Structures are given as C-alpha cells and as structure tokens.
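Asks: Have a look at this one before I ask anything.
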Amino acid sequence: MWSYSFEIPTLFIMLIILVFFFSRPRLAIYRNTLFVYMIFTETFCIIFDLTASLACNHYKVVPIWLTVVLNLLYFLFFFTRSIIMYFFTVAVLNANGPLNVFFKYIISIPYCAAVVLAITSPFTRLLFYVDENGYHAGKFYNAVYVVGFFYALLSFMYLLVYWKRINKRRGLYSMLLYNMIIITALIVRLAFPTYLLYDTFILMGIIFVFFAFLNPEYYLELRSQVFNSRALRQYMDENIGKLDCICLGIVVHRYHVVRDIYGANQTDAGLNMIGKYLKQLFPKDIIFYYRKGRYIVLLPSETDVEEYYNIIMERFLKPWKSDEAELYLTAGAVTMDLKNNKNSADVILSTLVQAMAVSGEDENKQLITVTDGDMNKVINDTEIRRSLEAAIDADEVLLYLQPLVDVNGKVVGAEALARIKDSAGNIIPPGVFIPLAEKSGRINEMGEQIFEKTCKFIELVDMKKSGIEWVNVNLSPIQFIRTDLANRYADIAKKYGIDPKRVHLEITEESMIDDSFLQRQIQAMEEKGFKFVLDDYGTGYSNLARLKKCPFINVKLDKSLVWDYDKDPGEIIPSMVYTFKNIGFSITAEGVETEQMVEKMRSIGCDYLQGYYFSKPIPAEEFVKKYMSGER
Ligand code: C2E
Ligand code: CA
Ligand code: CA
C-alpha cells in the first residue's frame with residue numbers, strides 16, 4: 001500500500017508557486033525557461049504519482065489499463081524531471097561552454113533509454129507491470145534509481161567544478177542545497193519506497209532555487225514592474241551576439257539634481273510613472289530600468305527609433321503627475337544597434353552606460369548614437385585598466401620626476417609623476433589611467449606606491465649635496481579624504497627614515513569640498529610634518545577667502561593660466577600672484593615651455609617654475625644622473 005498523504009499538501013504548495021510565478025512579468029532567459037519546465041514536470045509528477053498510487057491501492061476496482069497509463073505517465077515525468085533538474089544546474093553555472101551539442105546528446109542517452117524502457121513496459125514488463133493482483137515492479141525497475149542518481153550526481157559534479165561562477169553566496173548555498181536535496185530524496189525513496197516523499201523533497205529543492213534565482217521580483221523594479229539592471233545584465237550575458245534589435249536608452253537629465261530638488265519619494269514616484277508610460281508605449285518590448293533615471297528598451301531592428309524618440313520627448317514636455325508627485329523633467333536618449341554586434345556584454349553595457357551618462361549631463365545633446373568608436377574606447381579602457389591592475393599588483397608603477405626650478409634657474413625640487421606600461425611596454429600617461437584608478441578605487445594603492453617610491457628615492461640620494469630640497473607628490477581627492485592618511489603616510493616616511501617635510505603634498509581644489517574637514521586633515525598631516533601645495537590653481541572655483549584659511553606653502557598656477565598670460569598679458573594674473581604672496585604662499589608656474597614664458601613668469605613674481613623648457617618628467621634614475629651627479 002502506498003502512503004500518499006504528503007502528496008496533497010505538496011501539490012497545493014506547487015500550485016501557489018505556479019500562480020505566483022505566472023502572475024509576474026518574466027524575463028526571457030534560458031534558466032527561466034528551464035524553471036518553467038521544471039515546475040510543470042514536478043506538478044505532473046505529483047498528480048500522476050498521486051493518481052497512480054490511488055489506482056494501485058484500489059486495483060480491484062480500477063481497470064488495469066488505467067493503472068498502466070497512470071504509472072507510465074508518472075515514470076515519463078519522473079525521468080524528464082531528473083534530466084531537467086540537471087540542465088537547470090548547468091544553466092545556473094553557465095556551464096554550456098563545454099556542454100556542446102554532441103555532449104548534450106551523449107548526456108541524454110540514459111534518459112532516452114529510460115523513456116523507451118517505460119513506454120515498452122506495458123508489453124515487456126521490464127520497468128513495471130500491472131495484473132489482477134495489482135502493481136508490480138519489473139526486472140529493470142532500478143532504472144528509476146540509475147537515472148535519478150546519474151543526473152543528480154552529474155549535476156552535483158558540475159557544481160563542484162564550476163561553483164565559482166555563482167557570485168552570490170546565497171545562490172551558491174541554494175544550489176548546494178538543491179543538489180543535496182535531490183540526492184537525499186533518492187536515498188529516502190530507496191529506503192522507504194512506499195512513502196511518497198520524493199516529490200515533497202524535490203519541491204523543497206525547487207523552492208530553494210526559486211528564492212535564489214527565479215523569484216520574478218528578483219529581476220523587477222518593484223513599483224513600475226519593468227526589469228532591473230540585474231535582469232539586463234543577465235539578459236545581455238545570455239543573448240549577446242544573437243540579438244537582432246536596437247537598444248533605445250532614455251535618460252532623465254541631471255538625475256542627482258532632480259533627486260535633490262524633488263526629494264526621494266517624489267522622484268521615485270516620477271520614475272515609476274515614466275516606467276509605466278514606457279510599458280504602455282512599448283507593450284511588446286523588453287524594458288529595463290538601469291538606475292539613476294535611465295531606461296533601456298530593446299526594440300526590433302526595423303523600428304524607426306527617431307519617431308519614438310520624438311514621441312517620448314513630446315511626453316516629457318508635460319509634467320509627470322500623480323496624487324503623490326508632480327515633476328517637470330527633461331530627458332535625452334541614446335541608441336545603439338545590437339544587430340551583428342560581436343562585442344561582449346561587458347563592453348556593450350559599459351559603452352551604453354557611458355553614453356547614457358553623457359546624455360544625462362548634457363541637455364543639449366538630444367539623440368546620441370553609439371558608434372563603433374565609442375565601443376573601441378571602452379575596449380581600450382579595459383586594456384588600460386588591466387595594465388593598471390597589473391602594474392599596481394606587481395609594484396611596477398613607475399616614478400618619473402620633473403624638476404622644479406627657482407628664479408635663478410637652479411633645480412630645487414621635483415614633482416613625482418606616475419607612469420605605467422601597457423602589455424607591449426609602451427608608456428601610458430597618467431591623464432589616461434588616473435581617472436580609471438579613481439573610478440575603480442585603486443588610486444589609494446597607486447598613490448601610496450608612488451609616495452613610497454618617492455620616500456625610497458629621498459632616502460637613497462643625498463638631497464642636501466645636490467641642492468634638491470623637496471619632492472612634490474600628488475594626492476587625489478579620494479586619497480585626501482581618507483581619515484587614516486596621516487598615519488599611513490607617516491609610517492611609510494618612517495620606514496625609510498626620511499623627514500616628512502621633504503615631501504610636499506599637492507592637492508587640487510576638488511579636495512576642498514568641506515572646509516572643516518580640509519582644515520582638520522591638513523592639520524593632522526602637518527602634525528606629522530608634511531606640507532601642502534595647492535595644485536592646478538585656476539581650473540576650479542576657489543575664492544581667496546577660503547584659500548587664506550588653508551595653510552598651503554605654495555600655490556601652483558595651472559598651465560592654462562600661464563599660457564593665457566603668455567599670449568595675452570593683463571592685470572589679473574600679476575595681481576593674483578601679488579595677493580597670494582601677501583598671504584604668504586610662494587608661487588609656482590606650471591607648463592613653462594619657452595624662454596619668453598620663463599621671463600614673464602619670473603617678472604610677475606613667481607618663485608618657482610616647472611615645465612618642458614627645463615625638462616619633461618623623466619624616470620627617477622635618469623633624474624639622479626642628470627641633476628644629482630656624484631650620487632650613488
Ligand atoms: P599635474 O599634477 O598638473 O602634473 C603636471 C602635468 O603637466 C604633468 O603631466 C606634466 O608632464 C605636465 N607638464 C609639465 N610641464 C609641462 C609643459 O611645459 N607643457 C605641458 N604641455 N605639460 C607639462 P602628466 O605627468 O601627464 O600628469 C598628468 C596629471 O596626472 C598630473 O597633473 C596629475 O594630476 C596626475 N598625476 C600624475 N601622477 C600622479 C600621482 O602619482 N598621483 C595622482 N593622484 N595623480 C597623478
Ligand atoms: Ca601636480
Ligand atoms: Ca598641476
């Protein structure tokens with residue numbers, strides 16, 4: 001007698017999952033499709049397990065043919081479920097690569113054999129048979145376990161090999177539990193064959209993966225019910241190269257300002273309205289919300305994007321109005337042709353996001369079309385980022401030095417400037433890699449490396465004898481806001497036994513966001529002995545009153561000011577220099593390229609000069625040879 005009391009609640013829970021799953025928009029990705037197959041086969045397994053057992057238990061009244069059919073259907077769904085559960089693991093692990101079509105066929109052989117065994121069983125009696133005494137297991141009944149264990153163990157093996165591909169811990173644990181539950185379920189079925197517990201176990205496994213990967217809400221922007229950035233990523237990863245569509249990005253201008261003005265609640269309500277509007281406008285297309293007021297719609301290739309663009313812009317002329325909000329917004333748009341695009345999902349998304357960032361900040365740029373050039377720039381940036389990571393990891397960020405010269409033409413200092421090499425050994429200038437280092441957060445390590453190499457340089461060379469008094473080191477704003485900066489830099493200086501006052505730290509006005517923090521930080525650093533220089537003066541917005549409060553020892557006039565003055569001398573720069581000197585700052589002129597500039601800057605009172613006229617930045621060793629002859 002079969003005890004099927006577990007099957008009924010199992011069936012109910014299954015139905016709840018089905019209703020929930022199908023009541024939400026689903027993303028058309030492979031694992032979602034597999035999941036649909038999985039929950040349907042599971043549902044049918046439960047139904048036929050239940051009805052077949054009922055029939056078996058009441059074999060005296062149920063016609064034999066009906067019992068046979070119900071059992072046969074049960075076995076077919078049982079085998080199908082086993083292989084689908086295995087394919088689901090493969091899909092989650094993105095392990096399709098090694099799983100080429102040929103391999104897929106080989107893997108399917110046990111399944112096909114089992115199906116043939118089941119279908120022929122009414123005649124061969126090999127898997128099961130039913131006679132007037134009821135249901136009986138056939139000679140090859142154990143095929144059920146062979147197939148079950150084969151796919152369960154194979155799936156588990158894949159997980160052990162490729163587990164690193166699941167980047168969320170929750171996902172990994174769920175997959176692990178899912179696989180272990182399937183194996184346990186088989187063991188329980190072997191031990192207690194008359195208790196129909198197997199389906200309940202499988203349902204537990206399904207619930208685990210449902211919460212970890214399939215919950216439709218995982219891919220949804222909750223309020224507007226468009227897909228989220230995670231969904232976009234997944235969708236692109238899976239479909240790249242196969243997409244025959246145009247991507248239309250709609251970008252709310254100056255998202256941060258909008259959020260500041262309208263507040264979080266109103267902004268969210270507005271974004272929600274835009275999402276819903278787009279869903280109405282594009283009822284058949286996939287729409288994603290990509291954070292910060294950016295939407296992405298995937299449209300069929302032949303769509304007239306311009307026409308839709310105009311419709312959307314027209315809509316933006318009106319306010320976004322609901323009970324809770326009223327917003328007046330402007331927007332721009334970006335298009336990108338994904339047809340025959342062979343780039344990786346990473347490249348495509350980065351390019352798209354960059355173009356949308358440009359669109360979001362520039363009200364004048366209306367419809368931006370992403371070109372191959374944009375994509376190549378992203379690829380190039382990726383290459384540079386790789387070189388940067390490699391250089392930082394291998395302690396191979398190079399120290400270049402450029403002399404700082406006093407009014408008598410004597411080299412009295414140097415500025416430390418970073419360089420890295422690409423894989424071909426070519427020098428990459430800092431203008432290219434510093435912004436990338438700042439974006440990736442590795443500017444801290446990079447800056448420290450240059451600082452440490454500068455300390456090493458100061459330790460090695462006899463500064464006094466050569467007349468070089470200090471070396472300027474740049475501090476990016478991201479480094480400057482670190483509260484542990486003073487201790488870290490003091491420790492490094494100590495390690496090389498150098499006097500911190502030999503290092504002048506250059507910061508730009510970008511670092512001067514918060515006055516009180518600025519003062520505290522500079523004070524902490526000065527207590528350790530470091531001095532500060534204001535770099536690139538003339539490129540920011542500082543006013544004199546603020547500068548006065550900061551204890552800089554030197555202000556560097558940006559090269560743009562120096563060049564302007566060279567071309568068109570006027571009163572402004574000389575009086576600026578005069579004022580600074582009155583406050584007590586010495587002045588350095590940057591970008592001095594000609595003798596005429598040397599003369600002009602000297603005559604208005606600059607104390608130090610830096611520029612190609614004297615020397616370009618050169619490797620530290622070369623600097624030693626050139627300016628510190630007689631050194632070790
Ligand atoms: P910066 O601090 O303003 O450095 C001066 C830049 O002007 C250097 O560019 C230098 O080569 C260039 N320069 C000097 N004299 C002349 C001249 O006469 N004519 C012209 N046209 N240019 C001149 P470089 O080395 O390419 O560095 C660019 C920027 O990268 C630096 O500007 C600085 O902001 C940043 N940087 C360089 N090294 C570091 C570093 O170690 N840390 C940080 N945070 N930033 C760095
Ligand atoms: Ca500098
Ligand atoms: Ca500068």
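The values are calculated or read from the model by the stated rules, or taken from the named source; none is laboratory data. From a predicted model like this one, the values you see are computed outputs, not experimental measurements. Note that we place each Cβ from the backbone using ideal geometry, even for glycine, and neighbour counts take in every protein chain shown. Protein only, heavy atoms only, side chains kept; ligands, DNA and RNA dropped before computing areas. Shrake-Rupley method; radii C 1.70, N 1.55, O 1.52, S 1.80 Å.
Asks: Using θ = phi - 60° and the Karplus relation 6.51 cos²θ - 1.76 cosθ + 1.60, list the HN-Hα couplings for region 408-425 in order, rounded to whole Hz, with x at every Gly or Pro.
Replies: Coupling constants for region 408-425: 8, x, 8, 6, 10, x, 8, 10, 7, 10, 8, 9, 10, 10, 7, 5, 8, x Hz.
Asks: If one computes the Cα centroid of region 293-311 and of region 27-70, what distance in Å separates the two points?
Replies: So the separation of the two Cα centres works out to 45 Å.
Asks: Here's a follow-up. Based on the Kirkwood radius over alpha-carbon pairs, what value in µm²/s does the Stokes-Einstein equation return for the translational diffusion coefficient of region 220-370 at 4 °C and 1.567 mPa s?
Replies: 84 µm²/s
Asks: Quick one: Kirkwood hydrodynamic radius for region 435-500, alpha-carbon pairs, angstrom, one decimal?
Replies: 12.8 Å
Asks: Same structure, new question: Choose one of PHE585, VAL432, PRO569: the residue whose Cα lies farthest towards the positive end of the charge dipole of region 395-627 (beta-carbon charges +1 Lys, Arg; -1 Asp, Glu; about the Cα centre).
Replies: PHE585
Asks: Roll a 1.4 Å probe over the protein chains and send me the accessible area per residue for the chain in Å².
Replies: So the chain comes to 48 Å² accessible per residue, rounded to a whole number.
Asks: Based on the Cα gyration tensor of region 395-627, what are the three equivalent ellipsoid semi-axes, each the root of five times an eigenvalue, rounded to whole Å and given largest first?
Replies: After scaling each eigenvalue by five and taking roots: 26, 22, 18 Å.
Asks: Given 4 °C and 1.567 mPa s, compute D for the chain with the Stokes-Einstein relation, Rh being the Kirkwood radius over Cα pairs; round to the nearest whole µm²/s.
Replies: The calculation lands on 42 µm²/s.
Asks: Going toward the positive end of the dipole of the chain, with +1 on Lys and Arg Cβ and -1 on Asp and Glu Cβ, which of ASN380, PRO122, PHE614 do you reach last?
Replies: Selected residue: PRO122.
Asks: Moving on. Where a Cα-Cα gap under 12 Å defines reach, which aspartates and glutamates qualify for LYS494, not counting those fewer than 8 residues away within the same chain?
Replies: Filter leaves GLU452, GLU459.
Asks: Pull up the cross-link candidates among the lysines for LYS365, meaning alpha carbon to alpha carbon under 22 Å and not fewer than 8 places away within one chain.
Replies: Candidates past the 8-residue exclusion: LYS292, LYS318, LYS377.
Asks: Over all distinct alpha-carbon pairs, what is the Kirkwood Rh of region 446-539 in angstrom?
Replies: Over region 446-539, the inverse of the mean reciprocal pair distance is 13.6 Å.
Asks: Could you please put LEU186, LEU281 in sequence from largest to smallest accessible area, using a 1.4 Å probe?
Replies: Highest to lowest solvent-accessible surface, that is LEU281, LEU186.
Asks: If you put +1 on each Lys and Arg Cβ and -1 on each Asp and Glu Cβ, how big is the dipole of the chain around its Cα centre, in Debye rounded to 20?
Replies: Computed charge dipole of the chain: roughly 1740 debye.
Asks: Place the peptides 397-408, 254-265 in order of packing, highest mean first, counting for every residue the other Cβ atoms within 10 Å and averaging per peptide.
Replies: The packing order, highest mean first, is 397-408, 254-265.
Asks: Suppose R0 equals 56 Å; then what is the FRET efficiency for ARG24 and GLU571 from their Cβ-Cβ distance, rounded to the nearest 0.05?
Replies: For R0 = 56 Å, the calculated efficiency reads 0.25.
Asks: Rounded to the nearest percent, how much of the accessible area of region 194-239 (1.4 Å probe, protein heavy atoms only) is carbon and sulfur?
Replies: Whole-percent figure for carbon plus sulfur exposure: 59.
Asks: Rule-of-thumb check for region 372-495: C-alpha Rg over 2.2 N^0.38 Å?
Replies: 1.18
Asks: I'd like to know which of ALA91, LEU18, LEU54 lies farthest towards the positive end of the charge dipole of the chain, counting +1 on Cβ of Lys and Arg and -1 on Cβ of Asp and Glu.
Replies: Of the options given, the answer is LEU54.
Asks: So, with +1 on the Cβ of K and R and -1 on the Cβ of D and E, and no other charges, what is the size of the charge dipole of region 7-216 about its Cα centre, to the nearest 20 debye?
Replies: Using only the charged Cβ atoms, the result is roughly 840 debye.
Asks: Can you give the charge dipole size of region 202-245 about its Cα centre, rounded to the nearest 20 debye, using +1 on the beta carbon of Lys and Arg and -1 on the beta carbon of Asp and Glu?
Replies: 80 debye
Asks: So what's the angle, to the nearest 10 degrees on a 0 to 90 scale, between helix 143-162 and the longest Cα principal axis of the chain?
Replies: Result, in degrees: 0.
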